[in-house]
Amino acid sequence: MLAMNYRGPYRVRADYKPDPVIEHPGDAIVRVLRSCICGSDLHLYHGMVPDTRVGHTFGHEFVGEVVDVGRDVQTLKAGDRVLVPFNLFCGSCFFCQRELFGNCHNTNPEATAVGGVYGYSHTAGGYDGGQAEYVRVPMADVGPYPIPDDLHLDDAVLLTDALPTGYQAAEMGDIHEGDTVVIFGAGPIGIFAAKSAWLMGAGRVIVVDEVEYRLEFVKRYAQCEVVNFREVNDMAEHIKKMTDWMGADVCIDAVGGDAAGSIAQTLTGRLMKMQAGAATVLHWCINSVRKGGNVSIVGVYGPTFNAVPIGNVVNKGLTIRANQASVKRHLPRLIEHIREGRLNPKEIITHRVPLEEVADAYHIFSSKLDNCIKTVLIPPSAREVQAVNASALH
């Protein structure tokens with residue numbers, strides 16, 4: 001099969017790998033119909049996450065059609081269309097029973113924190129991902145979610161991570177009616193967090209980024225205020241000035257360790273790797289939120305150390321919440337929002353690229369070229385399926 005192949009920082013290519021096979025009676029094999037490049041993939045692409053191995057296939061956002069199942073699989077059959085949450089989870093451990101699917105205790109032998117994640121570093125289990133023609137899906141009775149007939153595939157693929165993560169970012173902020181919410185990062189997660197903040201009762205939403213086309217996009221899509229941090233001398237002071245010197249009620253980190261905006265943080269966190277990524281946005285969140293406010297973190301940082309102003313957290317009485325999104329918990333509500341027209345995820349897709357051109361797709365997305373917001377990869381086998389389906393209609 002054709003698949004994305006990681007060859008080292010800033011080096012990926014489309015290559016041929018063996019087709020995945022059933023390795024366990026609970027497995028399914030899924031033919032990929034859509035996959036995405038995520039901002040979290042860029043942390044791997046930039047060499048920011050430890051134990052990202054040459055030859056690995058990225059991609060934790062994908063939807064597809066079941067082509068084979070193991071003998072123990074009860075809920076799926078060949079031909080079913082499914083969206084696959086980025087978390088691998090068992091459904092029965094202490095954490096899964098509490099719907100903390102991103103912290104499953106049984107799917108990642110490499111760590112006791114995060115559970116398994118498709119297409120990520122081996123610190124997240126080393127499972128091959130969906131930027132390929134086929135994927136092995138373990139525990140197929142638990143993770144995959146049938147795609148309703150009235151749900152567009154482009155909406156479905158954004159339900160595997162980007163939309164639920166943005167939604168949970170807002171949820172973890174514990175937004176109350178009328179709150180001022182500041183979101184750092186105008187990528188897909190930040191865009192969806194801004195949209196979700198309104199659904200949860202925010203009275204004011206402000207998004208911070210440095211890329212003008214992204215700021216213009218989120219301003220239109222989420223009807224929010226925007227700030228270009230390159231035009232600001234002191235981020236915390238600027239947010240306080242915008243909020244009558246109180247600070248925001250909620251600050252959301254939707255950036256992670258690749259953040260720009262601080263020479264010292266970039267040097268120690270991104271170049272010298274003395275920290276697990278640049279903690280620039282963590283500082284901005286902690287220092288921009290009001291006393292007694294909430295900080296929500298969904299940006300990705302490599303394990304395990306970052307220099308953050310913990311004294312400010314204590315003295316300001318802040319609540320900090322962070323996690324990988326528990327995707328499946330959010331799906332019924334998010335599908336309802338899509339059906340009712342309150343959310344239209346597919347509107348953020350700006351690029352649809354053949355899987356064969358994955359190297360160019362990563363370069364465009366990483367370098368923020370061509371006004372790119374979200375990239376969807378289409379495998380050749382998916383194009384063949386679509387052609388057959390189209391011909392059957394005539």
If a residue must be over 23 Å from Glu171 (Cβ atoms), touching a residue at least 24 places away in the same chain (Cβ under 8 Å) and outside any loop (DSSP other than H, G, I, E, B), how many such residues does segment 200-213 contain? 1
Segment 46-103: number of residues that are open to solvent by less than 20 Å² (accessible area, probe 1.4 Å) and polar (S, T, N, Q): 2
Which numbered condition trips up Ala278, out of (1) buried (at least 17 other Cβ atoms within 10 Å of the Cβ); (2) assigned to a helix (DSSP H, G or I); (3) under 21 Å from the mean Cα position of the chain (by Cα)? (2)
Of the conditions (1) closer than 26 Å to Val218 by Cα; (2) among the small types (Gly, Ala, Ser); (3) open to solvent by 20 Å² or more (accessible area, probe 1.4 Å), the single one that Gly317 does not satisfy is (1)
Considering every residue within segment 285-305, establish whether at least one is farther than 17 Å from Asp41 by Cα, at pLDDT below 95 and either among the polar types (S, T, N, Q) or open to solvent by 70 Å² or more (accessible area, probe 1.4 Å) (or both). yes
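With respect to Ala325, is the statement that it is outside any helix (DSSP H, G or I), under 15 Å from the mean Cα position of the chain (by Cα) and either hydrophobic (A, V, I, L, M, F, W, C) or surrounded by fewer than 21 Cβ atoms within 10 Å (Cβ to Cβ) (or both) true? If you could, list the steps in order and put the result at the bottom.
Working: outside any helix (DSSP H, G or I): yes; under 15 Å from the mean Cα position of the chain (by Cα): yes; either hydrophobic (A, V, I, L, M, F, W, C) or surrounded by fewer than 21 Cβ atoms within 10 Å (Cβ to Cβ) (or both): yes.
Judged against the criteria, Ala325 is a match.
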Please determine whether any residue of segment 214-236 is farther than 26 Å from Ser366 by Cα, open to solvent by 10 Å² or more (accessible area, probe 1.4 Å), acidic (Asp, Glu) and in contact with a strand residue (DSSP E or B) (Cβ under 8 Å, 6 or more places away or on another chain). no
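Taking the condition without any contact (Cβ under 8 Å) to a residue 24 or more places away in the chain, more than 19 Å from Arg321 (Cα to Cα) and open to solvent by less than 30 Å² (accessible area, probe 1.4 Å), does Gln265 pass? Talk me through it step by step, then tell me what you get.
Working: without any contact (Cβ under 8 Å) to a residue 24 or more places away in the chain: yes; more than 19 Å from Arg321 (Cα to Cα): yes; open to solvent by less than 30 Å² (accessible area, probe 1.4 Å): yes.
In short, yes.
Tell me, yes or no, whether segment 343-356 has at least one residue that is among the basic types (Lys, Arg), out of contact with any helix residue (DSSP H, G or I) (no Cβ under 6 Å at 6 or more places or on another chain) and either farther than 18 Å from Phe62 by Cβ or modelled with pLDDT under 95 (or both). Steps first, answer last, please.
Looking only at segment 343-356, we keep the residues that are among the basic types (Lys, Arg), and these are 346, 352.
Remaining after also requiring out of contact with any helix residue (DSSP H, G or I) (no Cβ under 6 Å at 6 or more places or on another chain): 352.
Pick out the ones that are also either farther than 18 Å from Phe62 by Cβ or modelled with pLDDT under 95 (or both) and you get none.
No, because not a single residue in segment 343-356 is among the basic types (Lys, Arg), out of contact with any helix residue (DSSP H, G or I) (no Cβ under 6 Å at 6 or more places or on another chain) and either farther than 18 Å from Phe62 by Cβ or modelled with pLDDT under 95 (or both).
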So which of Ala113, Ala140 ends up being aliphatic (A, V, I, L, M) and open to solvent by 40 Å² or more (accessible area, probe 1.4 Å)? Ala113
Would you mention how many residues in segment 73-119 are more than 27 Å from Leu377 (Cβ to Cβ) and without any contact (Cβ under 8 Å) to a residue 60 or more places away in the chain? 13
Subset of segment 189-201 [open to solvent by 10 Å² or more (accessible area, probe 1.4 Å) and of a type outside the set (Val, Ile, Thr)]: Lys195, Trp198, Leu199, Met200, Gly201
One residue from Ala186, Ala169, Ala132, Ala162 being open to solvent by less than 10 Å² (accessible area, probe 1.4 Å), touching a residue at least 24 places away in the same chain (Cβ under 8 Å) and farther than 19 Å from Asn87 by Cβ: Ala186
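Please find, within segment 150-184, the residue that is farthest from Tyr6 (Cα to Cα) out of those that are part of a loop (DSSP other than H, G, I, E, B) and in contact with a strand residue (DSSP E or B) (Cβ under 6 Å, 6 or more places away or on another chain).
Once the filter is applied, the top-ranked residue is Asp179.
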Can you tell me how many residues in segment 214-261 are farther than 27 Å from Gly292 by Cβ, in a strand (DSSP E or B) and in contact (Cβ under 8 Å) with a residue 40 or more places away in the chain? 0
Please count how many residues of segment 17-31 are buried (at least 24 other Cβ atoms within 10 Å of the Cβ) and outside any strand (DSSP E or B). 0
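The values are calculated or read from the model by the stated rules, or taken from the named source; none is laboratory data. Predicted model, so just to flag it, every value in this text is computed and none were measured. Every residue, glycine as well, gets a Cβ built from its backbone with ideal geometry; the counts of neighbours run over all protein chains shown. Accessible surface is based on the protein model in full, side chains and every heavy atom, while ligands, DNA and RNA are left aside. Shrake-Rupley method; radii C 1.70, N 1.55, O 1.52, S 1.80 Å.
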